[in-house]
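> Sharing a structure with you now.
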Amino acid sequence: MLKRKNLPEVGKVELKTLFALRPGLLILFSIILVLIILSFLLFFLPGIIKGGRYVSFSSPMSSVGVFIDGKYTGSNNGSYYFVPSGVHSVKYVKDGITLKEGTIEVDHPIFLTLFRRPVMNVDITSDVENKELKDKVVSTFISELSNASRILEYDSRFPYRPIFEERARDFASLSIEDTGGLWDLASSFITSKEMLEDYKGSVLYLRENGFDVNDYSDEIELLFSSDGAVVGIEDESNIPSFSEEDGYLQIPAGEYVIGRKVDLSYPDVIEESVVKAIGGCRISTRLVTESDYALFLRDNPFWGRDNKSTLIEKNLVDEHYLDGVVISPAFHSQRPIRNISYNAAKAYVEYISGKEGCEYYIPTEGELEVSGISGNSGLWEFSSTPFVPLSRYLGIDTSRHADLLSSVDVVVKGGKDGENTTLGVVPRNMTSEYIGLRIAKR
């Protein structure tokens, strides 16, 4: 059995105090202080340093530009924009038209701003009585479609941006009149499957919002599923030979077949044969010459070579304007004028009309084709017909929308294809060595 050992006596141990606090309390208070500091640094300091809110702008219209304190911030596309605390001036712009100007006041939240996004929602109201806005929305829509129709295929590098569905929101929110007629015209610009799918969604949206619009989806779908079908009508008319008088071919008023039978596919259908009503007119048997244009430039220096940079800046011509052309009133040249744009051609016709007191104009596509005169010179020739890709195929009357189509590409005629001239398309500012100008009058 073990014997109990007697341990030596020791003195009482006492821990030192700090600020009259025992070590346990000191540790507790230190932990509390650290937690308070951390809470301040995490929960309050970020909001104090960066005061403001994330602001979201919403509108029933698409792509409304937002300017804060005079600087472009973004649009009502569902994004959030940080705006510092305080009172700020705001301006909302749609297609270049100011919708509204005013101010917004942003408060200064400070709690938990590091972990949450303090959001402020601002509604942008639209003035449904703003005629200027309505007109600009419609004209911009047609211009966007015209540009998009030039592209027949899209890929991941250059994806298609929805146009129809965005503009359907605009039309509905602004209660634009004649939406049905405008959507008929818009459907005539569909030249790709991506545009067609976008169009289908817009028709559904407009119908759900009480608009009566036609749906051409089935007809347009056929253009992208080649099955060997042919469209067009036979030209059974007996077109008389046209008489010539004083250098003008006399075209009597009547209905004529223009175009030819083509495959049911795009772009073939842009030349589909249709019956076209032609008003009586007289078409010049010669093209406008370099000497003719030189006289125009003498009286209109704005269109001269020396002013080319300004003309390019205004998008009236391109960089090849008047290249290779002899321009001198003293030098009599009978060569056709070339390397002028449609804009320049139109200015020339207005000039000659005023000078001679006669209403001259650039012939329409139908007038050039019926006359059979275009293409004989070896040049393409400007027509005054705006290019609406599917107008023949869908039977859409574009004449009622002449003002809206005043900026889209125009048709040029030239080259022989059987008995029909070939159709081409150019932007209004484009110049070419291979495009000339012929005038006509009633």
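> When you check Ser241 against the structure, is it in a loop (DSSP other than H, G, I, E, B), of a type outside the set (Val, Ile, Thr), over 25 Å from Pro427 (Cα atoms) and out of contact with any Pro (no Cβ under 7 Å at 6 or more places or on another chain), yes or no?
So Ser241 fits the description; yes.
> Shifting gears a bit: Which of (1) at pLDDT 95 or above; (2) part of a loop (DSSP other than H, G, I, E, B); (3) surrounded by 16 or more Cβ atoms within 10 Å (Cβ to Cβ) is the odd one out, the single condition Phe382 does not satisfy?
Just one mismatch for Phe382, condition (2).
> Additional query: Among Ser146, Ser139, Ser89, which is the only one that is among the polar types (S, T, N, Q) and farther than 30 Å from Asp178 by Cβ?
Every option except Ser89 fails the conditions.
> Select from segment 89-116 the residues that are of a type in the set (Asp, Glu) and either under 35 Å from the mean Cα position of the chain (by Cα) or modelled with pLDDT of 90 or more (or both) and list them in ascending order.
Answer for segment 89-116, where residues must be of a type in the set (Asp, Glu) and either under 35 Å from the mean Cα position of the chain (by Cα) or modelled with pLDDT of 90 or more (or both): Asp95, Glu101, Glu105.
> Would you please name the residue that is nearest to the chain's Cα centre (by Cα), looking only at residues in segment 278-322 that are loosely packed, with under 13 Cβ neighbours inside 10 Å and outside any helix (DSSP H, G or I)?
Ranking the candidates gives Lys314 first.
> So Val425 ticks every box in (1) under 28 Å from Leu264 (Cβ atoms); (2) part of a loop (DSSP other than H, G, I, E, B) but one. Which box is left unticked?
Of the numbered conditions (1) under 28 Å from Leu264 (Cβ atoms); (2) part of a loop (DSSP other than H, G, I, E, B), the odd one out for Val425 is (2).
> Looking at (1) at pLDDT 90 or above; (2) in contact with a helix residue (DSSP H, G or I) (Cβ under 7 Å, 6 or more places away or on another chain), which is the one condition that is false for Phe242?
Result: Phe242 passes all but (1).
> For segment 99-111, enumerate the residues that are surrounded by 14 or more Cβ atoms within 10 Å (Cβ to Cβ) and either assigned to a loop (DSSP other than H, G, I, E, B) or in the same structural domain as Phe141 (by TED's automatic domain parsing) (or both).
Within segment 99-111, His108, Pro109, Ile110 qualify.
> Go through Glu359, Glu350, Glu365 for me and flag whichever is in contact (Cβ under 8 Å) with a residue 40 or more places away in the chain and surrounded by fewer than 20 Cβ atoms within 10 Å (Cβ to Cβ).
Sole residue among the options that is in contact (Cβ under 8 Å) with a residue 40 or more places away in the chain and surrounded by fewer than 20 Cβ atoms within 10 Å (Cβ to Cβ): Glu359.
> Now a separate question. Quick one: would you say Pro389 is in a loop (DSSP other than H, G, I, E, B), in contact with a strand residue (DSSP E or B) (Cβ under 7 Å, 6 or more places away or on another chain) and in the same structural domain as Leu249 (by TED's automatic domain parsing)?
no
> While we're on this one: Please list, ordered by first then second residue, the pairs with beta carbon atoms under 9 Å, 6 or more apart or interchain, first in segment 202-230 and in the same structural domain as Pro267 (by TED's automatic domain parsing) and over 16 Å from Ser192 (Cα atoms), second assigned to a helix (DSSP H, G or I) and at pLDDT below 95.
So the pair list comes out empty.
> If you take the residues of segment 323-369 that are among the hydrophobic types (A, V, I, L, M, F, W, C) and not in a loop (DSSP other than H, G, I, E, B), which of them is farthest from Val412 (Cα to Cα)?
The residue in question is Ile352.
> So, in segment 170-188, of the ones that are in a loop (DSSP other than H, G, I, E, B) and either of a type in the set (Gly, Ala, Ser) or in the same structural domain as Ala402 (by TED's automatic domain parsing) (or both), which residue ends up farthest from the chain's Cα centre (by Cα)?
Ser175
> Quickly run through segment 405-424 and pick out the residues that are at pLDDT 95 or above and of a type in the set (A, V, I, L, M).
Correct list: Leu405, Val408, Val410, Val411, Val412.
The values are calculated or read from the model by the stated rules, or taken from the named source; none is laboratory data. Everything numeric here is computed off the predicted structure, so don't read it as measured data. FYI the Cβ positions are ideal-geometry reconstructions off the backbone, even for glycines, and counts take in every protein chain you see.
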